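To keep things clear, I will list the structure first and then write my remarks on it.
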2 protein chains.
Amino acid sequence: PDRLMISPYIPCCRYVSKAAAKTQMEFEYDGPSMKTEVPGPRSKELTKQLGEMQNVGAINFFCNYEESRGNYLVDVDGNRMLDYRHLLHPYWLSAFVNRPALGIMPPENFPEKLSESLLSVAPSGMSRVQTMACGSCSNENAYKAMFIWYRNKERGHNIPSDEDMSSCMINQSPGCPDLSILSFMGGFHGRTMGCLATTHSKAIHKLDVPSFDWPIAPFPKLKYPLEEFKRENAQEEARCLEEVEDLIVQWRQKGRPVAGIVIEPIQAEGGDNHATPDFFKKLRNIARKHGSAFHVDEVQTGGGATGKFWAHEHWGMDDPADIVSFSKKMLTGGFYHKDELQAYRIFNTWMGDPSKNLFLAEVLNVIRRENLLEEVTRSGKTLLQGLYQLQDQYPNMLSSARGQGTFCAIDIRDDATRNSIILKARDKGVLLGGCGERSIRFRPALVFKEYHVHMFLNVFSDVLAEHN
Amino acid sequence: PDRLMISPYIPCCRYVSKAAAKTQMEFEYDGPSMKTEVPGPRSKELTKQLGEMQNVGAINFFCNYEESRGNYLVDVDGNRMLDYRHLLHPYWLSAFVNRPALGIMPPENFPEKLSESLLSVAPSGMSRVQTMACGSCSNENAYKAMFIWYRNKERGHNIPSDEDMSSCMINQSPGCPDLSILSFMGGFHGRTMGCLATTHSKAIHKLDVPSFDWPIAPFPKLKYPLEEFKRENAQEEARCLEEVEDLIVQWRQKGRPVAGIVIEPIQAEGGDNHATPDFFKKLRNIARKHGSAFHVDEVQTGGGATGKFWAHEHWGMDDPADIVSFSKKMLTGGFYHKDELQAYRIFNTWMGDPSKNLFLAEVLNVIRRENLLEEVTRSGKTLLQGLYQLQDQYPNMLSSARGQGTFCAIDIRDDATRNSIILKARDKGVLLGGCGERSIRFRPALVFKEYHVHMFLNVFSDVLAEHN
């Protein structure tokens with residue numbers, strides 16, 4: 001009965017019965033046992049490895065959670081310590097359900113699992129990643145990293161003054177500076193209060209919640225298919241970019257400089273609004289020119305649905321972003337960042353959940369083995385082609401079919417018809433979702449193949465015929 | 001091979017090998033199959049059940065995740081639907097690693113598991129709970145619930161005006177109102193931007209992050225043991241309560257009314273600062289008198305370490321709070337709330353992680369079966385008694401021993417000595433943590449028994465002797 005405990009980091013576990021629990025309860029080590037200084041050589045080695053991927057300033061040592069039990073924590077060097085700060089594994093059972101404090105005492109295989117999972121798909125130019133528990137936390141902490149980076153740049157070093165330290169305790173500047181994040185109308189970046197100040201997709205998300213005076217730029221309203229309206233679209237994008245620069249200057253003048261710009265590669269909640277690679281390239285240059293960080297929010301678009309692992313890879317840039325945040329399809333939240341946005345002060349208790357990295361590593365294996373990104377590209381083309389045909393067939397009902405990979409959408413005549421179509425499709429066994437004011441969005445799984453597309457188009461066509 | 005998929009909601013799973021994956025990949029249903037309207041009778045029944053515990057406004061139907069596979073989602077009424085909005089289970093493997101969107105399509109056993117876990121330990125006066133992914137999200141969303149409640153009270157109904165709807169989209173009042181949360185100096189409530197505006201424990205948490213102009217009251221600085229300094233302590237508490245009322249009036253006058261008051265039953269990060277039940281009773285009355293919600297943050301104190309499941313139960317009140325937030329020991333984040341703080345608009349994608357409820361139910365079984373709260377009370381008394389003795393023995397080094405259950409702390413002469421003691425104890429195999437400016441805090445597991453206390457006191461005594 002002394003080995004009933006099973007690591008939560010291996011996707012293999014078995015049910016520990018209530019009867020067994022009692023027995024297990026009795027087993028415990030008889031006292032501390034120290035083998036090396038702490039941190040010992042193995043902990044130091046692992047800290048060094050992990051330091052190449054993320055901030056390790058708060059790590060005490062790495063834990064062997066399989067050997068730890070009851071009141072004793074065993075580290076990776078075999079030191080067994082009476083744990084008087086048993087914050088996160090309060091009961092013996094917790095070895096099974098453990099959520100370790102990743103920032104302080106990560107498990108031994110954490111650097112390896114991080115390499116196999118998140119770092120194996122790191123966006124161009126980024127070798128560091130910080131995991132978080134959800135999408136909103138990911139963006140909140142990315143904003144904090146940009147604010148800290150911006151203030152260090154302003155100071156010329158990273159040593160705060162006494163005034164910084166005392167004023168921040170009472171929420172006042174310069175310690176809590178009047179900095180801002182520039183966002184776009186129609187954007188969605190989450191629902192915690194920092195994120196919410198950059199979210200502008202639906203009133204109902206924001207209503208009644210205090211916010212910040214931060215600049216909001218127009219997102220281009222383009223005509224689809226993009227390639228058929230190149231000239232008008234370029235004009236619209238130029239207008240929006242000009243407004244972005246104006247806002248950056250205005251907010252600097254009113255004492256709330258723009259520390260960062262946040263944008264989605266495709267505005268998802270806001271109605272599947274696309275922009276061209278040229279727009280994003282120029283926006284990235286504007287950010288650089290004005291000393292603002294450039295944050296690409298891939299919470300919705302990341303993970304392969306656009307036919308590339310990251311939607312921003314479609315822009316074809318070597319240096320597309322300073323920060324890329326993710327969640328949803330990635331199974332864990334978090335953000336990649338450039339070295340200079342070192343997030344030494346980004347910290348919380350859980351810092352994500354390591355079991356998710358392991359699951360993600362398996363998911364990535366499947367994506368690679370099954371060439372799912374190619375599959376998505378193929379299915380997406382078929383889907384978009386089908387939507388174009390239906391749009392020609394029902395010009396009064398459908399418009400603006402658009403998409404990248406299977407990340408597609410189409411506009412419906414009006415909100416009521418849209419909702420009716422979604423319900424009718426569900427009655428016929430097809431689950432669709434809405435976005436924006438009158439769009440239907442398509443978000444199939446990566447294993448959605450061409451024959452699924454045909455199956456869908458048949459049902460969709462029937463439903464449309466009923467509404468014509 | 002058609003039943004390899006295993007529900008993530010049963011604490012029993014086995015490793016699915018890469019070889020098996022390929023086979024599994026091929027298996028899929030051959031098309032949709034509808035048995036009832038959607039939501040069907042079973043979904044409706046479960047929605048009604050869950051509606052008694054939390055907001056169900058966004059739920060479409062309940063899912064049978066065991067039967068769902070590939071591109072098909074099967075609901076609890078046996079309807080099999082082609083899933084075109086496969087947001088959260090992108091690959092076949094995801095049946096294994098699934099993180100369902102709890103707000104929209106929860107699994108069948110979710111209401112039952114919620115009853116067995118979180119609701120079985122609901123604080124007095126509260127029958128509703130909302131789960132969240134982490135402690136910061138829990139507090140952020142609790143604040144949002146208080147703001148929404150306050151604004152509905154101001155309006156006299158919950159229908160926003162057109163001006164509310166349009167102004168909130170650009171972060172302006174009245175849609176994004178100038179409301180505030182009153183917090184206490186020394187408090188810690190998390191690190192996302194709303195929480196951070198109420199956190200005042202260490203400058204390093206807040207530095208460089210923009211904040212809100214919200215009122216900050218002094219937390220009583222009491223003398224320990226509390227019962228030996230009743231008169232001075234009562235005076236200090238009265239001073240702080242007076243300041244709270246002054247701040248509420250001032251902030252109302254400057255157009256930023258206090259929608260809620262947030263407080264920890266014991267300020268943990270801030271240095272294990274206690275206050276008396278009398279203080280909390282009067283504070284709760286002040287909140288009621290001024291129409292502010294009263295939010296008790298039990299993220300650190302909840303889960304049994306004080307000898308009661310919730311630390312605020314020590315106050316002995318029938319109606320102690322409007323909101324109680326939790327995380328850490330509870331394995332999932334979230335908050336309990338009163339009916340009138342109905343959080344219809346509190347929403348996000350994951351809304352926590354249902355596997356944690358199941359683990360929590362098991363943890364609660366162990367706590368009950370092993371009478372761990374009594375154990376904690378017993379061990380805590382022995383520990384505090386031991387700290388008192390050491391404090392008498394080393395009056396120049398130790399002071400202010402204090403605690404509830406095993407949630408104990410003691411002040412050390414100075415910061416340097418404190419840190420040296422922590423390191424020396426670690427070398428002898430005892431893990432301690434610091435809090436506040438010069439305190440050591442004790443946070444053992446609930447299974448920390450009296451003989452562990454003696455073992456600890458022996459080591460601690462040796463370490464102190466070395467520092468004398």
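Observations, loosely collected:
- Structure note, pairs A:Lys223/A:Lys281; A:Lys206/B:Lys221; B:Lys329/B:Lys449; A:Lys202/A:Lys424; B:Lys153/B:Lys254: Cα-Cα distances above 28 angstrom occur for A:Lys206/B:Lys221.
- Inter-probe distance in nm under a simple model that places probes 7 Å from Cα toward Cβ, at A:Lys230 and A:Glu313: 2.6
- Pairwise centroid distance, computed over Cα atoms, of the stretch A:40-84 with the stretch B:216-294, Å: 39
- The antiparallel fraction among DSSP beta bridges confined to chain B stands at about 70%.
- Dipole of chain A, positive end: most advanced residue of A:Leu446, A:Ser420, A:Asn60 [Cβ charges, Cα centre]: A:Ser420
- Other-copy label distances relative to A:Ser161, 7 angstrom Cα-Cβ extension, nm: 4.3
- Segment B:Asn365-B:Arg413, length gained on full extension (0.36 nm per residue, minus Cα span): 13.1 nm
- Rounded if a/c under 1.5, otherwise prolate or oblate - the stretch B:311-446, Cα gyration tensor axes: prolate
- Net charge dipole size for the protein assembly as shown [Lys, Arg +1 and Asp, Glu -1 on Cβ; Debye, nearest 20]: 380
- Spatially proximal aspartates and glutamates relative to B:Lys35 (Cα-Cα < 20 Å; intrachain offsets below 8 disregarded): A:Asp427, A:Asp462, B:Glu45, B:Glu66, B:Glu67, B:Asp75, B:Asp77, B:Asp83, B:Glu108
- Per the Cα gyration tensor, the stretch A:32-83 maps to an equivalent ellipsoid with semi-axes of 21, 11, 8 Å, ordered largest to smallest.
- Among the trypsin sites (Lys or Arg not before Pro) within the stretch B:199-275, those in coil by DSSP and having at most 12 neighbouring Cβ atoms inside 10 Å are B:Lys254.
- Fraction of antiparallel bridges per DSSP, the stretch A:93-369 only, in percent to nearest 5: 45
- For B:Pro225, the label point sits 7 Å beyond Cα toward Cβ; its separations from the matching points on the remaining copies run 8.2 nm, from shortest to longest.
- With a 10 Å cut-off around each Cβ of B:171-179, the average count of Cβ atoms from other chains is 5.
- Positive-pole candidate from A:Leu383, A:Leu207, B:Met193, dipole of the protein assembly as shown, charges at beta carbon: A:Leu383
- Angle between chain B longest axis and helix B:230-253 axis [Cα atoms, degrees, rounded to 10]: 50
- Only protein heavy atoms count here, probed at 1.4 Å, and on that basis chains A and B bury about 11500 Å² of accessible area in total.
- Counting protein heavy atoms only, the stretch A:32-83 has 46 percent of its accessible area on carbon and sulfur, 1.4 angstrom probe.
- Estimated inter-spin distance, B:His157 and A:Asp278, nm [label 7 Å along Cα→Cβ]: 5.1
- Neighbours of A:Phe184, meaning other residues whose beta-carbon lies under 11 angstrom from its beta-carbon, give a summed charge of -3 when Lys and Arg score +1 and Asp and Glu score -1.
- Comparing the full protein assembly with the isolated chain (1.4 Å probe, heavy atoms, ligands and nucleic acids excluded), the residues of the stretch B:208-245 losing at least 40 square angstrom of accessible area are B:Asp208, B:Val209, B:Pro210, B:Ser211, B:Phe212.
- Converting the Cα gyration tensor eigenvalues of the stretch A:372-467 into ellipsoid dimensions via √(5λ) gives semi-axes, longest first, of 20, 14, 12 Å.
- Values of log10 I(q)/I(0), in the order q = 0.11 Å⁻¹, for the protein assembly as shown under a Debye, Cα-only, solvent-free model: -1.47
- Where A:Leu373, A:Leu114 fall by accessible area, highest first, once all protein chains stay in place (1.4 Å): A:Leu373, A:Leu114
- For chain B, the spread of Cα positions along the three principal axes, ordered from largest to smallest, is 78, 57, 41 Å.
- Relative intensity of the stretch B:93-369 on a log10 scale, I(q)/I(0) at q = 0.15 Å⁻¹, equals -1.18, per a Debye sum over C-alpha point scatterers of equal strength in the absence of solvent.
- Residue order for B:Tyr388, A:Tyr336 - accessible surface, 1.4 angstrom probe, largest first: B:Tyr388, A:Tyr336
- Within the accessible area of the stretch A:372-467, the carbon and sulfur atoms contribute 46%, probe 1.4 Å, all protein chains present.
- When the square roots of the Cα gyration tensor eigenvalues are ordered a ≥ b ≥ c, the ratio a/c for the stretch B:195-353 is under 1.5, which makes its shape rounded.
- Between copies, the label points at A:Asp318 (set 7 angstrom from Cα along Cα-to-Cβ) are spaced 7.3 nm, reported in nanometres from shortest to longest.
- Normalised per residue, the accessible area of the protein assembly as shown is 35 Å², obtained with a 1.4 Å probe and no contribution from ligands, DNA or RNA.
- Dimensions of the stretch B:112-214 from C-alpha coordinates, computed as largest minus smallest value along each principal axis and given longest first, are 44, 40, 21 Å.
- For A:257-267, mean number of other protein chain Cβ atoms within 10 Å: 0
The values are calculated or read from the model by the stated rules, or taken from the named source; none is laboratory data. In this text the structure is predicted, and so the values were computed from the model without any measurement. Note that each Cβ is placed from the backbone with ideal geometry, even for glycine, and that neighbours are counted across all protein chains shown. Accessible surface is based on the protein model in full, side chains and every heavy atom, while ligands, DNA and RNA are left aside. Shrake-Rupley method; radii C 1.70, N 1.55, O 1.52, S 1.80 Å.
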